[in-house]
Every structure is written in structure tokens, then in C-alpha cells.
Amino acid sequence: MSTLTEQLLKTEAHNALFETEVRKLPLPTCSAFGPTSAPQPVSFAATAQKLVTRDSAAVAESFPNSVKASDNIVLAAAGTNANAAQGKRVAVLFSGGPASGGHNVVCGLKRILGKGNTLLGVKPGPKGLIKGNLFEITDADIDTIINTGGFDFLGTDRTKIKTDEQFQQVKDTCVKHNLDAIVVIGGDDSNTNAAVLAEYLFKGVKSDGSGVQVIGVPKTIDGDLQIEGLLPISFGFDTATKIYSEMVGNILQDTRSSLKYWHFIKLMGRSASHVTLEVGLQTKPAITLISEEVAAQKMSLATIVDNIAQTVVLRAKKGITHGVVLVPEGLIEFIPEMNTLLAELNDALAHHADEFATQAEANRAGFIQGKLSADNAHLFASLPAYIVKMLLADRDSHGNLQVSLIPTELLLIDMVRARVKEIDASVPFGSQNHFFGYEGRCGAPTLFDAAYTYNLGLTAGSLILDGRTGYMASVTDLTRGGMPKAIPLAGLLNIERRHGKDEFVIEKALVKMDSPAMGYFVDRRAAWAADDLFASPGPRQLWGPAALQQPISVALNSGSDSLAFKIGA
Ligand code: FBP
């Protein structure tokens, strides 16, 4: 009989009882792949759907090979592929922020590539591809990572492959490792990178003149990679929002018990408010801010603050001196006056980068303020130092402001406190601030994410064995068994201004004001503000009835008549 100490030692290195048990969870597969115990690669055929964006003409000029090959037409699974390729060497990498389910994409890929092909892991992310840091993934690796959270098997990074030298280095990696295909598991920026790589590697990589296939897989907890009817949601969103909903539910329960705090909770989601809307729908707190609504209604910072303060006062009059405010991470970029400031700031930082870098830390704000127009300079000067510092921090390699570092929740608390005092100095306003972000990205995937990602891996592998390149794998019909699809990446591109330059990008899908999810939220929110009607959904479940729920916003937006998802027979 082992001692407790011996039992505890066995739980080290990812062997907690929970981790051991989740590895055994069965994963359903779309019926297109045949028997779940032995999924078979599928071939793909054209659907009637052709993608057109406002910049399609410019995209066709810059991505001639990809557009000529796909004609921007969506593909769908069309039966078992009797001619699936053999002997392919496929590299897979994670790109951007982690999201739960990434490991299962790798497992699905390995499974569908089978013994006749080789799967190589790239460490870490695009940087690893540039450096040529690849290793062969074994069946034993798959047994270890299946159904586990995180991207730690391969690591990830945010390098944008953009210089001629970097592209050549990627080509060198392909030649050195004799690659036939690369799978990029990433968000909007990473799939843009995949589109560019697919075009660059289309032909002339190998000695026989052939190219290297590139397939994208839609990942991001932010949920801003979604396409109506084609891509219901990116993976990782369900797990992250269920983790945040548990935490927000706990806080709602706490604040109704201790009766003295307003909790301002910033939730991750760099730009779009999908995460915040979903957590709002799950937990029903007093206030849920939606950045897209702020922009649509051209709400000033003062208006947002006044709205919150009025609710604080209204509830206090009813004896409710507590509450929760959900703040989307990207809010600041959606407030019209802040957006105008940030656009000018980004251009000023890009154009005066060298001079800015030589400024002493203490002089940087003053230096850049001098480069702004009068209105923007005035607004910039009015912001607290803790916000200014973060607005001046380095952008990531895709040119994004690092919104996770900006304490918007603190700014709101300070301003709401002042406004409540102005309205009625007798109203108490105790506050706490939180940021839930990194906590949600790497938990063991929900059943939804576990099954979805495994099938995305099967789809991506099938696309490679069907000889396709320049597509993003997708699985639709998530309440009707699941249907593998392929979305032409070039058909998603538009031109956007980044880093002071026009660039091809896959635009982020923002929360739509006329979406069913937003409509439901708008109908209910006044009631949630007036009284405590919150729900505490508890920890995400992997067994039992609560385990089979898709995100509420996805269910509402896709017209489902229940929260249940169904992949497989
Ligand atoms: P991806 O779009 O790459 O999936 O990243 C999403 C995200 O989690 C955002 O919500 C957040 O703003 C950002 O990553 C944080 O980035 P970092 O991990 O570099 O701090």
C-alpha cells in the first residue's frame, strides 16, 4: 500500500487526479470522419459560397496564387478521401495568446495524419519556424497532452513574419526539414500571417518547384474570429468565459454577502467585447459595458461614468450598496474621444519612434504631447499618469496597443467615485478592482472546446492530405453533429491602417448591435441593474448535464433552441 507521500509524488508533472481523469474523456467526431474510434481523412468540395470583402480586388493582385487556386470559394467535407496523400511532413505551431483546446488540435492532426505521415512540432510559435526549431511529435506525446489546457507542449509567441529575411528563413526551415505543410493555430493576426505565408510558399520552395501548404486554425479566447454561418466561434472562448463566469459569480455572491463593495472587473478580450457580453449573459451583474455599444452611441467617457454613477445611486436608494461592473479590456479604444487620441498617438509614435526612444522616461509624455493636435493634447494631459504610461508602452509586433496593461477599471472607479459624490455625497461607494485575463486562457478545455478543437485538428489534417493550401479549418453545425469546412484565407482579407501603414488583415469580428445575443442582453439589463438577479454558474463541468453547454451568445446568435451542443452522432 502506498503512503500518502508516495501518492502525492505521483501527482507531479501534470498528474493531478483531475488531469489523469480528463485524459480519458472520450472525444466525439463529426460523422464525416467516419467511426469515432478510427477517424478517416475527408476530401473537400466547393460550396456555393464565395467570399468577397471590400478590398477583394487589391487582395487578388497581392495574393494571385492563393486567389487563383481557391477563387475565394468555401469548401465543405465531401466524403472519405480515398486518395489521401501519404508521406507528408507537416509542422504545427501555436501563435499569439494561449487558448484552451490547442493541444487537442495537435491530437486531431496527429490522429488524421496517421502512421503514413509525420507531424512535427515548432517551438515556440512563428519565432520557432524562423529559427527552424522543430521536433517529431510521437503518440506518447499525444497521450500526455490530450484534453489538457495551455500551449505549453510547444509554447507560443507573437512574432510577425514580415521582413524579407524572415520569409527566407521560413523557406530555409521548410527545405531543411523537408516540410510539405505548416499548420498555424492562431487568431486574426496569426491567420493573416498564415494567408501571407500560404502565398509566399505557394510554389518554388522545393527542388521540384513545388510549394508548402499552409492551413490556419481559428484560435483566440477573445472570440473575435467568427464568421456568420462559417465559423461560429474561435476555440478557447468557451473555456475562458466559463472560467471568468465562475469567478464573477463568486464575486457577486461575495459582494451580496459582505454588502459594501462595488467590484469593477476588467475582462480580457483585446478589442471586441464578446467575452464580456458572454460573462454578462452567464452571470447577470448590475452593469456590463459593451465597447461596441459605446462606439455606436458615441458615448463619451463622462457619459459612461455618469451612467454607472446613476446606477450606484439608484441602487443605494433601494438599500443596495454593492454591485459588479464588467469592463471589457478594449473599452478605452472604443470611446470616441480616446479613439481619436489613440489614432493620432499611434501615428505620432510611429513617425517619431527614434526621437521618442532617446527621450528620458520622465520626458516621454511631454515629448509626444507636443506632437498632438490641441484637442488630443488637452485630453492626453488630463489622463492620470497610470493610464498615460500604458498608452506609451510598446505596441506588440502586430501594432496592437497592449490593452491588458491599461488599468481602465481603476480609471472608472476614480471617476465614478467623484461623480457619485457630486450627485449625492451621502451614497457610500466602496470599491475593489480586478482583472481576469490570464486565468482563463489555459484551463483544461470545456467539453465544447475539447471536442471542437479535436475536430478542427482532424479538419486541418484532412485539408493537407487533400492537397489544399491557404485555407482556415472550420467546423460548423455544432448543434447538429458538426460539419468540417474550409474557409479561403485570402477571401477574409481587407486593408487596415496599422503602425501608420496600410496592411492586409483579417478584420476582428466585433459584437454586432443587432445580434440576437446583444438584443437579449439589452432587454434584460435594466432589471439586472435595478435588483440582484445574478446567477453563479459555478465551475465548468466535464461530466453531467451542465457539461454539454455551448456559450450562451453563440447559441443565441446561431438561432439554437437550447444551450446544448452536439458534435458527432
Ligand atoms: P490572441 O488574440 O493572440 O489569442 O490573444 C488574445 C489575448 O488573450 C487578449 O485577450 C489579450 O489582450 C492579449 O492576448 C494579451 O497578450 P499577452 O499574452 O501578449 O500579454
How many of the residues making up segment 535-553 are open to solvent by less than 40 Å² (accessible area, probe 1.4 Å) and either of a type in the set (Ser, Thr, Tyr) or in contact with a Phe, Trp or Tyr (Cβ under 8 Å, 6 or more places away or on another chain) (or both)?
3
If we only count helices (runs of 4 or more DSSP H) wholly inside segment 246-358, which ones have 3 or more residues that are within 16 Å of the ligand (Cβ to nearest atom) and crowded, with 16+ Cβ neighbours inside 10 Å?
274-283, 331-334
May I ask you to list the residues in segment 196-230 that are more than 16 Å from the ligand (Cβ to nearest atom) and either in the same structural domain as Thr276 (by TED's automatic domain parsing) or small (Gly, Ala, Ser) (or both)?
Ala198, Gly204, Ser207, Gly209, Ser210, Gly211, Gly229
Of Ile233, Ile215, Ile227, the only residue that is open to solvent by 10 Å² or more (accessible area, probe 1.4 Å) and either under 11 Å from the mean Cα position of the chain (by Cα) or not basic (Lys, Arg) (or both) is Ile227
Being touching a residue at least 40 places away in the same chain (Cβ under 8 Å) and in contact with a Pro (Cβ under 7 Å, 6 or more places away or on another chain): is that true of Ser558 here?
yes
Any residue at all in segment 446-459 that is open to solvent by 40 Å² or more (accessible area, probe 1.4 Å) and either under 33 Å from the mean Cα position of the chain (by Cα) or among the hydroxyl-bearing types (Ser, Thr, Tyr) (or both)?
no
Look at segment 393-426 and say how many of its residues are surrounded by fewer than 17 Cβ atoms within 10 Å (Cβ to Cβ), more than 20 Å from the chain's Cα centre (by Cα) and of a type in the set (A, V, I, L, M).
4
If we ask which residues in segment 35-66 are surrounded by fewer than 18 Cβ atoms within 10 Å (Cβ to Cβ) and of a type in the set (Phe, Trp, Tyr), their number turns out to be 0
Would you check if Thr192 is hydroxyl-bearing (Ser, Thr, Tyr), crowded, with 21+ Cβ neighbours inside 10 Å and not assigned by TED's automatic domain parsing to the domain that holds Ser291?
yes
Go through the residues of segment 169-183 one by one and say whether even a single one is buried (at least 23 other Cβ atoms within 10 Å of the Cβ) and within 27 Å of Asn557 (Cβ to Cβ).
no
Enumeration of residues in segment 375-392 that are part of a helix (DSSP H, G or I) and open to solvent by less than 40 Å² (accessible area, probe 1.4 Å):
Asn376, Ala377, Leu379, Phe380, Ile387, Val388, Leu391
Restricting the first residue to segment 227-250 and requiring it to be under 28 Å from Val325 (Cβ atoms), which pairs with a second residue that is among the aliphatic types (A, V, I, L, M) and more than 15 Å from the ligand (Cβ to nearest atom) meet a Cβ separation below 7 Å and a spacing of at least six or different chains?
Ile233/Val554; Val248/Val324; Gly249/Ala535
Please go through segment 360-372 and pick out each residue that is assigned to a loop (DSSP other than H, G, I, E, B) and open to solvent by 50 Å² or more (accessible area, probe 1.4 Å).
Ala360, Gly370, Lys371
Hey, could you check segment 67-112 for residues that are open to solvent by 30 Å² or more (accessible area, probe 1.4 Å) and among the hydrophobic types (A, V, I, L, M, F, W, C) and say which is farthest from the ligand (Cβ to nearest atom)?
Ala82
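The values are calculated or read from the model by the stated rules, or taken from the named source; none is laboratory data. In this text the structure is predicted, and so the values were computed from the model without any measurement. Don't worry about glycine lacking a Cβ; one is built from the backbone with ideal geometry, like all the others, and counts go over all protein chains shown. To get the accessible areas, we keep the full protein, side chains included, count just its heavy atoms, and leave off ligands, DNA and RNA. Shrake-Rupley method; radii C 1.70, N 1.55, O 1.52, S 1.80 Å.
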